[in-house]
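Just so you know, all these numbers are worked out from the coordinates, no wet-lab data involved. As the structure is a computational prediction, the values presented were derived from the model and not from experiment. Cβ: placed from backbone, ideal geometry, glycine included. Neighbour counts: every protein chain shown.
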Amino acid sequence: MNQWWRDRVAYQIYPRSFLDSDGNGIGDLRGIIHKLPYLKELGIGILWLSPVYCSPNDDNGYDISDYRDIHPDFGTMAEMDKLLDLAKKLDIRVVMDLVINHTSDEHEWFKKSRDPESPYRDYYIWRPGRNGRKPNNWTSFFAEDCWEYDEHSGEYYLHLFSKKQPDLNFRNPKVLEEIKDIMRFWLHKGVSGFRCDVINVIFKESLEDGRKRMILTGREHYLTREGTHEILRELRRDVLSRFDCFTVGETVMVTPKTAFDLSDPSRKELDMLFSFEHMDTDAVIVKWFRTRFRPKKFCNVLCKWQTALDWNANYFENHDQPRCVSRFGDDRDYRSESAKMLCVLLLSLRGTPFIYQGQEIGMTNFDFTSMEQIRDVESFNVYRLATRLHFPKAFRWHMIQQSGRDNARTPMQWSPGRNAGFSSGTPWIGINRNYTDINVETQEKNPSSVLAFYQKMIRLRNKTKLLKSGGFRCVKIRRKLFVFERFNESGSITVIISFSKKAVRFRASGKPILSTCDRSEYDGILRPYEAILLQGRVGG
Ligand code: TEU
C-alpha cells in the first residue's frame, strides 16, 4: 500500500484550545472546520485531533467515557462528519487519538465492572488487597498510587494514570474485540488513521511487585512486552490492513531496539512512533528536574534516531511538552529567529514532521504566576507530591513553570483582539499576554514572520522528494552547530543549523535553497540562530 503518510506534513490540534465558535470558552469542532483552509494554506496534509470524545475531562479528554460520541462541549457527530468531509475535499487526512490503555471510570464498561459478578469485571484489572495493602508496589505516571480501592466491590483497580483512568485488561479477548469495533467505527467514517496513546504499555505481563525505582516502579512488567506486539499485529491484520490508513504510536521509554520492533515495516505493527529520548536531554531522571538545554546532546540524540529507524515521527512539541522555542530556542532575544531555525530542523529531518498548534507562529511557554491558573491533573499531582516531600514553594512552582503541560495548552493566538480571537467567552484556561504581539493575524500580514517562514519551508518540503524520502547523514555536531545532509540518487542538500546567539563560522560551498535570513549567497558565517539549506554536499 502507498505510504502516503511519509510524504505529508502533520499538524496536531488540541481541540480544547484551538478555536471556540460558540462562546463557551472551549475550542470546538466548528472552530476547527472554520480553520481548515488556514491549515491547507499552511501546507498541512495530515491532521491529528487530540480526543474529542465524551469524557468527564479529568485528563482533558484522555479519559474517555464513550468512544463513539462527541463531547457536547466540542459539538456533535454531525459536525464531526462535516469536518471529515471538508478535510477530504481539502486533501487533509484526519487522524484520531486512540486512547485504549484505559477508559474513564465513567465509561459504561467500568461502571458495570464494579459488580464482581458482571461480565465486564474482567474488562479491567481488579485485585484484592495484600495483607491490607495494595496488590503490588507499582507507581503511576501521574505521581500518585496506581491502585484505587473500590468500596462497592471490595477490591482495588489498576490505573497507570489518574484514578479516573482505569486500565483495560488486554488479557481479555473481549476487550480487544471491543477496540477493533471502535477502530472500524471511525475508519468507516473516513478517518485515515490513529495516534495511539501510550500504546506500548497496554499489555501487563504480570502484576508482580516491580524493582523499586525513582520513576514507574513496576514498568518492567508492562513496558513494550511481547503481548503488546501480538496485539498490534492482530489490530493490523484484522482491522487496519483493510483500510487506507496509518498508525503512529506514542511509545514511552522506547530504545532504538524496542522502537524498531514496534515500527519497522517488516514487523507489521505500527507505521511509525513518537520516541522521547530527544525530549529528555534537558532533564535529570524525570522531566520535572530540568537541566540547561545542550544543543550538542540534543542533536546527537536526533542523529542516533535518524539512523536507528527507517522512519521516525519527528516532533519538538505537543500537548504534553513545553513550547519548543522557549525550550530549545530563545523566546526573549531571538524568538522569531530561533523559531524559524527549529522549523528548518524539524522539516529537514527524515521522517514525518508533526507541528503542534501555535508552533507555526512561535508561541511560547505560558506566563502564569500561580497554581490557580493551572488546569492539568498531572501538574496538580506533581505539585501535591512535591509539597508532601517539603520541596520549597518557589522550586515547586519552578517545576510547573518549566515542565507543566499547560505550557502548550493555552489558547491558540489568532489575533491581537479580545481573547486573542480564541473565544468571545471566558477561556477555560488563561491566554498568554504576549498574544498582542504573537498571533496569526499579525503574522499573516508580515512576509518575514515565523508563520510566513513555516509556509515557505513546508512548501519546500512538500515539493522536494529529497527532503521527503532522501537518506540522512550526520556531517558535524559542535556545541551549538549541527550540520547534516539529505541525499538520494539525484543529489544532496546540506542543512546547517546554528543554536548560537553569536555568529558562527562554518565553511561550506553550495547555493542557498532556503535560509532563515533570506540569503542568496552563503559566506561561511551563520548569523544568530540561522538555519540554511545548501544545494549539494559540504565542500562541493
Ligand atoms: O501521555 C503519556 C505520558 O506518559 C504523558 O504523561 C507524557 O509522557 C508526559 O506528560 C511527558 O510530558 C499520553 C497523552 O499524551 C497524555 O496527554 C495523557 O495524559 C496520557 O497519555 C494518559 O492518556
State, to one decimal in nm, how far the label point of GLN3 lies from the label point of ARG384, with both points 7 Å from Cα in the Cβ direction. 4.4 nm
With THR76 itself left out, Lys, Arg at +1 and Asp, Glu at -1 over residues whose Cβ is under 12 Å from its Cβ give -4
Relative contact order (percent) for the chain, with alpha-carbon contacts under 8 angstrom and 6 or more residues of separation? 13 percent
Measure out, as a whole number of angstrom, how far apart the alpha-carbon centroids of segment 108-170 and segment 466-529 sit. 52 Å
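Show me 252-262, 327-337, 113-123 ranked by packing, highest mean number of other Cβ atoms within 10 Å first.
Numbers: 252-262: 17.5, 327-337: 19.4, 113-123: 15.5.
Answer by packing, highest mean first, reads 327-337, 252-262, 113-123.
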Taking just the alpha-carbon atoms of segment 468-535, what radius of gyration and Dmax come out, in angstrom? 11.6, 36
Relative contact order [Cα under 8 Å, 6+ residues apart], segment 425-540, whole percent: 18 percent
Which residue, chosen from ASN2, PHE274, THR516, occupies the Cα position most advanced towards the positive end of the dipole of the chain, where the dipole is computed from +1 (Lys, Arg) and -1 (Asp, Glu) charges on Cβ about the Cα centre? THR516
In the neighbourhood of ARG527 defined by beta carbon distances under 12 Å, the net charge of the other residues (Lys, Arg +1; Asp, Glu -1) is +1
The chain - Cys residues lacking any other Cys C-beta under 4.7 Å: CYS54, CYS146, CYS196, CYS245, CYS299, CYS324, CYS343, CYS517
Sort MET341, MET96, MET1 so that the residue with the fewest other Cβ atoms within 10 Å of its own Cβ comes first and the one with the most comes last. MET1, MET96, MET341
Using only the Cα atoms of segment 304-427, build the gyration tensor, take square roots of its eigenvalues as a ≥ b ≥ c, and label the shape rounded, prolate or oblate: rounded if a/c is under 1.5, else prolate if a/b is larger than b/c, else oblate. oblate
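Sort segment 145-261 into rounded, prolate or oblate with this rule: let a ≥ b ≥ c be the square roots of the eigenvalues of the Cα gyration tensor; rounded if a/c is under 1.5, and if a/c is not under 1.5, prolate when a/b is larger than b/c, oblate otherwise.
oblate
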Taking 0.36 nm per residue of separation and subtracting the Cα-Cα distance, what length does fully extending ASP122 through LYS296 add? 57.8 nm
Return the long-range amide H neighbours of ASP69 (sequence gap of 5 or more, or a different chain), with a cut-off of under 5 Å between placed amide H atoms. CYS54
Taking SER423, SER449 and counting other C-beta atoms within 10 Å, the order from fewest to most: SER449, SER423
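For a footprinting-style exposure proxy, rank ARG93, ARG219 by other Cβ within 10 Å, fewest first. The partial results should precede the final answer.
Working: ARG93 23, ARG219 19.
The order, fewest Cβ neighbours first, is ARG219, ARG93.
Which value in deg cm²/dmol, rounded to the nearest 500, describes the helix-derived mean residue ellipticity at 222 nm for the chain, given -39,500 (n - 2.57) per DSSP H run of n ≥ 4 and division by the residue count?
Result for the chain: -8500 deg cm²/dmol, rounded to the nearest 500.
Report the antiparallel proportion of the DSSP beta bridges in the chain as a percent, rounded to a multiple of 5.
60 percent
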With the Cα gyration tensor of segment 436-507 giving a ≥ b ≥ c as the square roots of its eigenvalues, does the rule (a/c under 1.5 for rounded; else a/b larger than b/c for prolate; else oblate) give rounded, prolate or oblate? oblate
Distance in nm between label sites at ARG507 and CYS474, each 7 Å beyond Cα in the beta-carbon direction? 2.4 nm
Quick one: give the max-minus-min coordinate of the C-alpha atoms of the chain along each principal axis, largest first, in Å. 75, 51, 50
What size of dipole, in debye to the nearest 20, comes out for the chain about its Cα centre when the only charges are +1 on Lys and Arg C-beta atoms and -1 on Asp and Glu C-beta atoms? 2640 debye
Estimated FRET transfer efficiency (ILE525, LYS189; beta-carbon r; R0 56 Å; 0.05): 0.55
